[in-house]
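Asks: Mind looking over this structure? Questions follow.
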Amino acid sequence: MGFVQFKGVTKTFGKSVAVDTMDLDIARGEFFSLLGPSGCGKSTTLRMLAGFVAPSTGSIHVHGRDITRLPPEARDIGIVFQNYAIFPHMTVFDNIAFGLVERGENRADIKRKVDAALDQVGLGGFGERFERQLSGGQKQRVALARVLVIEPEILLLDEPLSALDKKMREEMKFWIKNIQKSVGITTIYVTHDQSEALTMSDRIAVMNQGRILQVGSPVEIYERPNSRFIAEFIGESNLLSGRLTAGGVRVGDTVVPAAQAQGADGAEVALLIRPEQIRLEPVTEGEAPMLTGRVADEVYQGALRRYQVETGGQTVTVEVPNRPDLAQLPPGAEVALYWTPESGVALR
Amino acid sequence: MTERRIPLVLAILAILGFAYMLLPIVVVVLAGLTAGEFLTFPPQGLSLRWVAAFLSSEKYLSSFFFSFKLALMTMIVSTILGTAAALFLSRTNMVGRAAMRAFFLSPVVLPGVVVGFALFAFYISTGIGLSRTIWGLWIGHILYSTPYVIGTVGAALAAYDTSLEEAARSLGASPWRAFRKVTLPNISQGIQAGSIFAFIVSFGQFEVSLFLSSPNSEPLPIAMYNSLRYQFDPSAAAAGIFAITLVIASVLLTNRLVNLRTLLERRQDGS
Ligand SMILES: Nc1ncnc2c1ncn2[C@@H]1O[C@H](COP(=O)(O)OP(=O)(O)O)[C@@H](O)[C@H]1O
Ligand SMILES: [Mg+2]
């Protein structure tokens, strides 16, 4: 049984449905991400769990206990907001002490715990500062320390990196993941950035328009997406139109082996192959390729070369690592495309 | 020249605007400082005789302090009611919220004569013993001042990030504690400004007071008006000087309070 459970949770605002009959099961200690485009209902889901909005129907359970009607202060759930919500009228120290003060702890304990929390997030000596004297990354650390110091059962993070610059984002990704691992806290992380979700999560739920489309590990989500939407939303993808046939997908005149190729013979499907999983070679007499085609375009990108290959009226993008031992293929060259059979996925 | 220059036309308009607003004040102040017998402008020499006359006039002093007391009482109630109303308006998503807001703010746009007369007729016809009492007058002033508090606190709340309060709640604070420890300090400047407004509006209120005050407890504006009706005597202008001074002092006071606070915070920055 899941540690955090959503049972048929729906949230409507007037006529619009923000979250649609959601069922979720999150294990204790798990780093679980909600991933989806802006407006798909991620924040609403998180806010229902935190207790800021009540579900229209359905129930939410933690540890088997129904918390649907509990006020936020009775839930033992910590949340880090997108804008960090540092109290501007308090010092960093008082911000982090806030939850401890509300719990009626004595001053010596508060001082000890806040100082430890400041050290934990690498902000020792910042206690007397105010919010406006902190950089984005520092605010983020304060917000996290403020939550972790009260040792909640569940940690919620709503797009915590979106306000940071790219370099900081990369750094904080690993930092947050490390802290989460060392504390072992059940964490639900909301993001619209697939690379954050893939890097940090134990499992990911991909959402669109208030619904969960797929739940799985990063590997499952990336390599075995269950819909075109997910294939296109996560990573780069080639989606070749074809028809189901015994043993795979017929693309043009060629039958290509593919995973998930179940269904009625002749049904229209898309064949997913990731650009980096394709090997590109000059046409030779040897091993039979998956497909053949002609190079339409080549773009040099430093670490890799990106080719556009025409095959039977469709275009396939191929990323080739920039290695001197790999043949360079000029536009117009006839080429063969190879990939391992597991790399192809049939999607309806 | 890298300095930004204000177009001449705008500068002239600004000066005219200032003059237009300041001139009546200058007239009152100079008229109150006249050495002559009558309320004239320009004054016939300067002296403090009418200021002294104001300070020794039982009638003016008592109405000055009556107005002061009334304005303080009004300020307290208007601040509480107006803050509560602004909070409600900012939190509810009830249908008809916009209409309700307009209704709450309507005393500002209704002519004071209408509000004053309506209350007067209401007190008389219901016979609830409020007509010509300080309590009835108080109610009228509260009605008239509260919208200013709703306006300033509403503006402060519009700029307030509600996730601060949510953060406080999920850290374990009850709704009341979260409000007192997080929301209130962050909208306090709006509340301060609103309460000063309420004080000034009440202190200068005329039309509502005209209907609701009794002859033995007249607010200052009514006392000045009554005295000027019968004798054109500069002590009314001297009273005006005190009223203006009080209003300016209260504005400067808030300004100073607010500035002092930012000043203190800067010091703590240590940078
Ligand atoms: N308080 C609210 N009132 C009305 N509509 C809302 C409210 N909060 C969210 N919504 C709507 O619900 C949908 C989902 O929003 P949200 O959960 O914030 O999405 P996300 O976090 O995935 O970007 C959006 O269409 C949004 O406009
Ligand atoms: Mg969101």
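The values are calculated or read from the model by the stated rules, or taken from the named source; none is laboratory data. None of these values were measured; they are calculated from a predicted model. Positions of Cβ are generated from backbone atoms using ideal geometry, with glycine treated the same way; all protein chains shown enter the neighbour counts. To get the accessible areas, we keep the full protein, side chains included, count just its heavy atoms, and leave off ligands, DNA and RNA. Shrake-Rupley method; radii C 1.70, N 1.55, O 1.52, S 1.80 Å.
Asks: Percentage of Cα-Cα pair distances in chain A greater than 28 Å, rounded to whole percent?
Replies: Of the Cα pairs, 54 percent sit more than 28 Å apart.
Asks: Which percent of Cα-Cα pairs in segment A:109-178 sits in each 10 Å bin, short to long?
Replies: So the P(r) values, bin by bin, are 18, 52, 28, 2.
Asks: Keeping every protein chain in place, order B:Thr183, A:Thr12 by accessible area at 1.4 Å, biggest value first, i.e. largest first.
Replies: Ranked list, largest accessible area first: A:Thr12, B:Thr183.
Asks: What fraction of the Cα pairs in segment B:49-172, stated in percent, has a spacing above 26 angstrom?
Replies: When all Cα pairs of segment B:49-172 are counted, 41 percent exceed 26 Å.
Asks: What average number of partner chain Cβ atoms lie no more than 10 Å from the Cβ of the residues making up A:78-90?
Replies: Whole-number average of other-chain Cβ neighbours for A:78-90 is 5.
Asks: Within 10 Å of each Cβ of B:177-184, how many other protein chain Cβ atoms are there on average?
Replies: Average per residue, whole number: 3.
Asks: I've got another one for you. Under the rule of at least 5 residues apart or a separate chain, name every residue whose amide H is placed under 5 Å from the amide H of A:Ile154.
Replies: For A:Ile154, whose amide H was placed from the backbone, the distant partners under 5 Å are A:Gly78.
Asks: Let me confirm one metric for peptide A:66-74, namely the mean number of other chain beta-carbon atoms within 10 Å of its residues' beta-carbons.
Replies: 3
Asks: I would also like to ask the following. Mind checking the angle between helix A:166-183 and chain A's longest principal axis? C-alpha axes, 0 to 90 degrees, to the nearest 10.
Replies: For helix A:166-183, the angle is close to 60 degrees.
Asks: Give the separation of the Cα centroids, segment A:2-50 to segment B:134-195, in Å.
Replies: Taking the Cα centre of segment B:134-195 as reference, the centre of segment A:2-50 is 33 Å away.
Asks: Calculate the length of the line joining the C-alpha centroid of segment B:1-53 to that of segment B:56-79, in whole Å.
Replies: Comparing the Cα centres of segment B:1-53 and segment B:56-79, I get a distance of 27 Å.
Asks: With +1 on each Lys and Arg Cβ and -1 on each Asp and Glu Cβ, how big is the dipole of the protein assembly as shown about its Cα centre, in debye rounded to the nearest 20?
Replies: In total the dipole reaches around 2200 debye.
Asks: Something else about it: Hey, rough spin-label estimate for B:Leu252 and B:Asn216, points 7 angstrom out along Cα→Cβ, what's it come to in nanometres?
Replies: That separation, rounded to one decimal, is 3.8 nm.
Asks: Separate question: Segment A:236-347: D in µm²/s via Stokes-Einstein (Kirkwood Rh, Cα pairs, 25 °C, 0.890 mPa s)?
Replies: It diffuses with D of about 172 µm²/s by this estimate.
Asks: Additional query: If one takes the longest principal axis of the Cα atoms in chain B, at what angle in degrees, from 0 to 90 and to the nearest 10, does the Cα axis of helix B:8-32 lie?
Replies: It is inclined by approximately 50 degrees.
Asks: How much of the pair distance distribution for the protein assembly as shown lies past 39 Å, counting alpha-carbon pairs only, in percent?
Replies: 55 percent
Asks: Here's a follow-up. GluC sites (Glu not before Pro), restricted to segment A:178-269: which are DSSP loop and have at most 14 other Cβ atoms within 10 Å?
Replies: A:Glu236
Asks: Under the Karplus relation 6.51 cos²θ - 1.76 cosθ + 1.60, θ = phi - 60°, what is the ordered set of whole-Hz ³J(HN,Hα) values for segment A:198-204, x standing for Gly and Pro?
Replies: Calculated HN-Hα couplings, in order: 5, 5, 9, 7, 7, 9, 10 Hz.
Asks: Which percent of Cα pairs goes in each bin when the distances of chain B are cut into 10 angstrom slices starting at zero?
Replies: Here the calculated profile for chain B is 6, 21, 27, 24, 15, 6, 1, 0.
Asks: Can you give the Rg to Rh ratio of segment A:248-312, both from alpha-carbon atoms, with Rh computed by the Kirkwood formula?
Replies: Here the Rg-to-Rh quotient is 1.01.
Asks: Further, regarding this structure: Sort out for me the Cα centre separation of segment A:100-131 from segment A:161-223, rounded to whole Å.
Replies: 28 Å
Asks: Calculate how steeply helix B:184-204 sits against the longest principal axis of the alpha-carbon atoms of chain B, using the helix alpha-carbon long axis, and give the answer as 0 to 90 degrees to the nearest 10.
Replies: 20 degrees
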